[in-house]
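See below for the structure under consideration.
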Amino acid sequence: MTVRIGLYGLGMIGREHLRRIGTASTGGRVVAVADPNAAFAAKAVTTLAEVALEPDCESLVNRDDVDALVVTSGDTDHERAVLAAIAASKPVFCEKPLAPTAAGCLRVVAAEVAAGRRLVQVGFMRRFDAGYRYLKQALDDKAIGEPLLAHCAHRNPTVGSTTWDPKYVISQTAVHELDLARWLFDEEITAARVLPVRATRSAPPRVRDPLMTVLETRSGIHVGIETFVFCQYGYDIRCEIVGERGTISLPDPPRPQIRGPEGVCRSLVKDWAVRFADAYDTELTEWIRSVETGRPVGPSSWDGYAAQATCDAALRSFATMDGDRVVVEMADRPSLY
Ligand code: ISE
């Protein structure tokens, strides 16, 4: 069976997913699209053969030939599109964040609970990366005994210096590690603090970079996250977990080794879309398979809510500019999750 998909949002990640669904043997096909900006959608669709255009997310998801929805629009349009899919009883894959506030995420959770079954997968693609899966397996196998703490680094060579909101360092960057910490350790995050450190001269003065975020989990595991979005040298993602009997590290992605006049070197990936290309392929392929089987996999709307609640706490700590410890406020977890 080919899963027929409606895709909402034709920006950069939307066009990437459209190409990916068409080429990566995912078992899916995009049959119709829409975008909150109708004029932009009308222009974009002229280059897409055999794809229908709809005026909004509701008409898109309610088409008879759409089995499931992919949401890749701007963050503030996610909630409405996901709620439309739940109302139509159709599975939906939504790029992160599920909604830009924890309250918005909770409305999605409530709608899904009322529908009585899981329909939503949130796009935390690192859970599908082979290296992170290796870490998770080793932790679950107790290869290092009980985990005690983790060191993570999330470094981008640069991000748009005029368009970058300083808060994105938490909400667009560290949010991946906030989700991973919950997933890897299978525990909720209970508190967050964000510490400004000496600022790089490569960042615009209004952006405080790098930052150190420290999370605490329910059992007391501490996760230190360095975010450094103007690091200049490459896209470098690190994670080391320290346990009672050893450590486990995220493997570096394979890169060719170059021998030349400068000696022996391996170049670094410069771009997150390249670093996690395989993870995105696996994520969408597994989601489409889950639509076929009716058995949801991957991050749920509860995971989307928990990441956002943690983000909100980290942002409150960031606002103090003094590393204040902020407790993560979470609703009770419904039995559906
Ligand atoms: C970006 O905002 C993302 O969402 C990507 O998934 C992440 O890998 C990248 O580092 C962020 O800047």
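The values are calculated or read from the model by the stated rules, or taken from the named source; none is laboratory data. The structure presented is a predicted model; accordingly, all values stated were derived computationally and were not measured. FYI the Cβ positions are ideal-geometry reconstructions off the backbone, even for glycines, and counts take in every protein chain you see. Heads up: the accessible areas ignore ligands, DNA and RNA and are worked out on the full protein's heavy atoms, side chains in. Shrake-Rupley method; radii C 1.70, N 1.55, O 1.52, S 1.80 Å.
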Rule-of-thumb check for the range 262-337: C-alpha Rg over 2.2 N^0.38 Å? 1.67
Place +1 on the Cβ of every Lys and Arg and -1 on the Cβ of every Asp and Glu in the chain, take the dipole about the Cα centre, and give the residue among Cys311, Tyr235, Met1 whose Cα lies farthest towards its positive end. Tyr235
Label-point separation in nm, Val297 to Tyr233, each point 7 Å along Cα→Cβ: 3.6
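At a threshold of 8 angstrom on Cα-Cα distance, excluding pairs fewer than six apart, so keeping six or more, what relative contact order does the chain reach in percent?
Rounded, it is 20 percent for the chain.
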In nm, the gap between the two label points placed 7 Å beyond Cα toward Cβ at His151 and Thr23 is 3.8
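Could you tell me the calculated FRET efficiency between Arg117 and Cys265, based on Cβ-Cβ distance and R0 = 45 angstrom, to the nearest 0.05?
Efficiency for this residue pair is about 0.30.
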The set of residues whose placed amide H lies less than 5 Å from the amide H of Gly9, leaving out same-chain residues fewer than 5 positions away, is Ala34, Asp35, Thr72
Is any residue of the range 288-302 close enough, with backbone N under 15 Å, to a label point placed 7 angstrom from the Cα of Arg133 along the Cα-Cβ axis, and if so, which? 288-290, 297-299
With axes computed from alpha carbons, what is the tilt in degrees of helix 175-185 against the longest principal axis of the chain, rounded to the nearest 10 within 0 to 90? 80
Roughly how big is the range 121-230's charge dipole about its Cα centre, with Cβ charges of +1 (Lys, Arg) and -1 (Asp, Glu), in debye to the nearest 20? 460
Unit charges at the beta carbon, dipole of the range 88-158: most positive-side option, Ala130, Asn156, Pro91: Pro91
Taking θ = phi - 60°, what integer Hz values does the Karplus form 6.51 cos²θ - 1.76 cosθ + 1.60 yield along the range 268-282, in sequence order, with x for Gly and Pro? 9, 5, 9, 9, 5, 5, 7, 4, 10, 4, 5, 5, 5, 4, 5
What percent do you get for the relative contact order of the range 104-200 when only Cα pairs under 8 Å and 6+ apart count? 27
Neighbours of Pro166 by Cβ distance under 9 Å: Lys/Arg at +1, Asp/Glu at -1, summed charge +1
What does the convex hull of the Cα atoms come to per residue for the range 113-192, in Å³? 170
Considering only the other residues whose Cβ falls under 12 Å of the Cβ of Pro251, what net charge follows from Lys and Arg at +1 and Asp and Glu at -1? 0
Could you calculate the contour length gain from Ala49 to Lys167, that is, 0.36 nm times the residue separation minus the distance between their Cα atoms, to one decimal place in nm? 38.6 nm
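Please give the contour-minus-distance gain from Ala103 to Thr320: 0.36 nm per residue of separation, less the Cα-Cα distance, rounded to one decimal in nm.
Extra length available between Ala103 and Thr320 comes to 75.9 nm.
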Please arrange Phe40, Phe93 by accessible surface area, largest first, computed with a 1.4 Å probe and ligands excluded. Phe40, Phe93
Can you give me the accessible area per residue for the range 1-133, using a 1.4 Å probe, in Å²? 40
With the 1.4 Å probe rolled over protein heavy atoms, the range 248-337 has an accessible area per residue in Å² of 54
What percent do you get for the relative contact order of the range 187-337 when only Cα pairs under 8 Å and 6+ apart count? 29
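Above 26 Å lies some portion of the pair distances; for the chain, what is it as a whole percent of all C-alpha pairs?
Numbers: 28750 of 56616 pairs.
When all Cα pairs of the chain are counted, 51 percent exceed 26 Å.
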More than 27 Å apart: what percent of Cα pairs in the range 147-299 qualify? 35
Three principal axis extents, largest first, for the C-alpha atoms of the range 66-137, in Å? 37, 23, 23
So how much slack lies between Glu58 and Glu187, counting 0.36 nm per residue of separation and subtracting their Cα-Cα distance, in nm? 42.9 nm
Acute angle (nearest 10 degrees) that the helix 130-140 long axis makes with the longest principal axis of the chain, alpha-carbon atoms: 70
Under 5 Å from the placed amide H of Val197, counting only residues 5+ away or on other chains, we find Met212
With +1 on each Lys and Arg Cβ and -1 on each Asp and Glu Cβ, and nothing else charged, work out how big the dipole of the chain is about its Cα centre, in Debye to the nearest 20. 620
At a Förster distance of 35 Å, what's the computed FRET efficiency of Ile258 paired with Ala199, Cβ-Cβ distance as r, to 0.05? 0.55
